[in-house]
Amino acid sequence: MSEQSVPVMTGGHSVAARVNKHKPDWRGWKFMAPFAVVFVFVFIIPIVYAIYISFFKKQMIGGTRFVGVENYARLFQDGQFWSSVGRVALFTVVQVPIMLFLAAAIALAIDSMKLHGTKFFRISTFLPYAVPAVVSTLIWGFVYGAKYGLIGSFNDFFGTNIDLFAPNVLLASIGNINTWEFTGYNMLIFYSSLSTIPHSLYEAASIDGASEWQIVKSIKLPELKGSLAITVIFSIIGSFQLFNEPSILQNMVPGNAITTYYTPNMYAYNLSFSGNQSNYAAALAITMAVITMAIAYAVQLNSMKEQMK
């Protein structure tokens, strides 16, 4: 910003008046420039490139040619793709509510101030989130092992025949790993939301004779609605991106229980790097992104309607 003198006529006399002249300030953009450059190169350009190559197809004869929406039409008739989508949808519907219920219950317990060792309990609950997903999956894989792991030792000791790698319970076993990893993360979001409630509300409710359950029901739970929407959206996105756990367990699970198309991300990965079908894999990735965004937007829209009531 700079000042400039401008002549002004007052009573027949010319008087110099100072006027502020605004100049564009680019300092904010300079601070944002490093992030903007990285964001464009690691996010925007890959998405645009994926959309671009999804309209092409590699051929043994003739090389790469433009095929329009042929890859997308093929995808909607691909039974393996829809099988993987149905699997992650079932995983989301079952695992996400259980995980968020546990996270909310732990947050409420810590916030009640009646839990001994709250700091230790809070840190120990959040700690699994700090463990890399690869390490977590390897740990649980050795725990699940019926021949070499904790479950195997349990079977030998009690004479049971428990197999958590069996095809009918394998998805639940993966869900247990995810729940262990991310419950603490969601708990922290819930706990942060509860920490914003003024303690005067609790004191007023106690003076009016409200029980602990009535305080939770009338004060704490309504406060969790906003953070609940955030955790649901994040959890849905994470569930539809399921990749690390089944990919690592694939070599630990006997037989062919985890196929190359067990989840959409695994299917896209194997199509691109093992099947040399990167164009079709790009179409799959773009379709999954659209499906995930549509579900997340629907959840957010429903949450906004609930909060406006």
Separation between the Lys23 and Met293 pseudo-spin-labels, each 7 Å from Cα along Cα→Cβ, expressed in nm?
4.0 nm
Can you give the FRET efficiency for Lys119 and Val48, using 1/(1 + (r/R0)^6), R0 = 45 Å, r = Cβ-Cβ distance, to the nearest 0.05?
0.45
Number of Lys pairs in the chain closer than 24 Å at Cα, excluding neighbours under 8 places apart unless interchain, is 12
³J(HN,Hα), Karplus 6.51/-1.76/1.60, whole Hz, each residue of segment 240-248, x for Gly, Pro:
6, 9, 3, 8, 4, 4, x, 5, 6
Quick one: length gained pulling Val38 to Ala205 fully straight, 0.36 nm per residue minus the C-alpha distance?
55.1 nm
Taking the Cα centre of the chain as the origin and placing charges on Cβ (Lys, Arg +1; Asp, Glu -1), which of Ala282, Phe165, Thr118 is farthest toward the positive end of the dipole?
Ala282
For the chain: accessible area per residue (Å², 1.4 Å):
62 Å²
Restricting the calculation to Cα positions, tell me the Rg (one decimal) and the Dmax (whole number) of segment 27-67 in Å.
16.6, 54
FRET efficiency, Thr160 to Val134 (Cβ-Cβ, R0 22 Å, nearest 0.05)
0.15
Computed ³J(HN,Hα) along segment 211-228: with the Karplus parameters 6.51/-1.76/1.60, θ = phi - 60°, integer Hz and x for glycine or proline, the list is 7, 4, 5, 5, 5, 5, 5, 9, 10, 6, 4, x, 5, 7, 4, x, 6, 5
At 7 Å along the Cα-to-beta-carbon direction for both Phe234 and Ile98, put a label point, then send me their distance in nm to one decimal.
2.1 nm
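Taking the Cα centre of the chain as the origin, how large is its charge dipole in debye, to the nearest 20, when only Lys and Arg (+1) and Asp and Glu (-1) carry charge on their Cβ atoms? Before the final figure, lay out the partial values.
On the way: 19 positive and 14 negative charges, 183 e Å.
Computed about the Cα centre, the dipole is about 880 debye.
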From the phi angles alone, apply the Karplus equation (6.51, -1.76, 1.60; θ = phi - 60°) to segment 171-177 and give each ³J(HN,Hα) in whole Hz, x where the residue is Gly or Pro.
5, 5, 5, 5, x, 5, 5
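What does the extension gain come out to for Phe31 and Val67, with contour length at 0.36 nm per residue minus their alpha carbon separation?
On the way: separation 36, 0.36 × 36 = 12.96 nm, distance 4.25 nm.
Roughly 8.7 nm would be gained on extension.
With the radius of gyration and the Kirkwood radius both derived from the Cα set of the chain, what is their ratio Rg to Rh? Could you put the intermediate results ahead of the total?
On the way: Rg = 27.9 Å, Rh = 24.2 Å.
That ratio is 1.15, to two decimals.
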Whose amide H sits under 5 Å from the amide H of Phe56, counting only residues 5 or more places off or on another chain, with H placed in the peptide plane?
Val67
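Using 0.36 nm times the number of residues separating Gln80 and Ala257, minus their current alpha carbon distance, what extension gain do you get? Don't skip to the answer; put the middle values down first.
Values: separation 177, 0.36 × 177 = 63.72 nm, distance 1.43 nm.
Between Gln80 and Ala257, full extension yields 62.3 nm more.
The values are calculated or read from the model by the stated rules, or taken from the named source; none is laboratory data. The structure displayed is predicted, hence computed values, not measured ones. FYI the Cβ positions are ideal-geometry reconstructions off the backbone, even for glycines, and counts take in every protein chain you see. Remember, those area values only see protein heavy atoms, side chains included, never the ligands or the DNA or RNA. Shrake-Rupley method; radii C 1.70, N 1.55, O 1.52, S 1.80 Å.
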